[in-house]
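Take a look at the structure set out below.
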Amino acid sequence: MTICGGSLFVDPTDTPYRIAGGIILRRNVSLIGANAATPRGTCHPLKPQPVGSVFEITDKENVFITVESATQISGIQFWYSEQSTKDPSKIIEYPATIRLSYDYPSEGVTLNNLTFYGEYLAMDFAAPKGKACELITVEHCFGYSLGGTFIRIDYCYDIPRILHCHVNPSVNRLFAGGFSPEIINEVISKKTFAYFIDHTDNAQLIDIFTFGTYGGIYLGAETYGQLTNFNLDCVTIGIHKSGNNATNRNWQIAQGAIIANTGEAVQNIHPFLIEGKGHTAISNVEAFSGHNGALTTLGVSYDFMKITGNDKCTVSLMGCRMRNYIADEPFTIENKNANIQAVACIDKNENVFTR
């Protein structure tokens, strides 16, 4: 057994490794597999299952892997073989696949080239208060969490990074055919966000994708950072940004697309939802809606942005294209203390919109 300072190579095979949960990956130890990310799945030529460096998970009681510090997990596929792909009443609420330690602050953890099939929550880095994690990097990871949240980071006070990650219900297409529209609708009904960030300093999100979740990205009241190059497709809320002070609860959001088109009622569908204090700078983001046969859609959003609350906040927009909303104006402003300026934006009538 490797106690510290080593690595374990997961040999690729045509038979997944069936292992119970409760694994603790000790500090300074790494777990390395042979696969790059496999966003449509690998497939055995004769059986409906993935192949390569694959862990088959059936443990319903324990987190599969708990990580400590100075470690990486790379090149692995995680397969929940008993998870429902068609019937939402049979969804199994598994514990997280990968979770930080509750005993020690998890620092310097890198997760890359990982693929998840049938997980309920893929990566849980919500630290207990007083044991904040630091320098968590998640990159080139693919999955579709049936609890609606793929990555959760909370209390991470030194630059968490989410890079090049992709949430999509077709992640298991090659061996399981993808998840049914009924499953996707059930995931949306949970009203959770694919990427959840709170209590973080200078978070970095680059090249982020989700499809078929209630929310795309939640930026909590005690966060600030940058979000660039993203596509949030078939969501109810694209980006929910909050803030609890005006000094450093500011986000710069650029170069992205939001397709907000699903939910219980069109009045609840908003590409942007902003509340609380702080500043949001948005540039070159477009929002449009339409129908998609992979799930139940309403095909339109109510507006481009809804701003709620009572605290003073500021929002600036430049070069945004706003389409397929039913309200008269692209902004629903319920906060009388909000200060919004839009320059060179395009409204639903393809007219230049400046505010």
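Residues in region 199-210 that are assigned to a strand (DSSP E or B) and without any contact (Cβ under 8 Å) to a residue 60 or more places away in the chain: T200, A203, Q204, L205, I206, D207, I208, F209.
Take G177 and decide whether it is in contact (Cβ under 8 Å) with a residue 24 or more places away in the chain and surrounded by fewer than 24 Cβ atoms within 10 Å (Cβ to Cβ).
On the way: in contact (Cβ under 8 Å) with a residue 24 or more places away in the chain: yes; surrounded by fewer than 24 Cβ atoms within 10 Å (Cβ to Cβ): yes.
Against the criterion (in contact (Cβ under 8 Å) with a residue 24 or more places away in the chain and surrounded by fewer than 24 Cβ atoms within 10 Å (Cβ to Cβ)), G177 qualifies.
Might you check whether a residue that is surrounded by 17 or more Cβ atoms within 10 Å (Cβ to Cβ), assigned to a loop (DSSP other than H, G, I, E, B) and among the aliphatic types (A, V, I, L, M) occurs anywhere in region 64-71? Looking for residues that are surrounded by 17 or more Cβ atoms within 10 Å (Cβ to Cβ), assigned to a loop (DSSP other than H, G, I, E, B) and among the aliphatic types (A, V, I, L, M), one finds at least one in region 64-71, hence yes. Taking region 284-327 as the range and being part of a strand (DSSP E or B) and farther than 15 Å from K241 by Cβ as the test, the residues that pass are N284, E286, S301, M318, R321, M322, Y325. With respect to T110, is the statement that it is surrounded by fewer than 19 Cβ atoms within 10 Å (Cβ to Cβ) and not in a loop (DSSP other than H, G, I, E, B) true? So T110 fits the description; yes. Conditions first: (1) surrounded by 18 or more Cβ atoms within 10 Å (Cβ to Cβ); (2) farther than 13 Å from V67 by Cα. K86 passes all but one, so which condition is the exception? Status for K86: all satisfied but (1).
Taken together, N292, N339, N245 contain a single residue that is crowded, with 16+ Cβ neighbours inside 10 Å and of a type outside the set (A, V, I, L, M), which is N292. Restricting the first member to region 296-317 and to residues that are assigned by TED's automatic domain parsing to the domain that holds V266 and more than 30 Å from F179 (Cβ to Cβ), and the second to residues that are among the hydroxyl-bearing types (S, T, Y) and outside any strand (DSSP E or B), no beta-carbon pair is closer than 7 Å while six or more apart or on different chains.
Of all residues in region 321-331, those being surrounded by fewer than 18 Cβ atoms within 10 Å (Cβ to Cβ) and in contact with a strand residue (DSSP E or B) (Cβ under 6 Å, 6 or more places away or on another chain) number 1.
The values are calculated or read from the model by the stated rules, or taken from the named source; none is laboratory data. Keep in mind it's a predicted model, so treat the numbers as computed, not measured. Cβ atoms come from the backbone with ideal geometry, glycine included; neighbour counts cover every protein chain shown.
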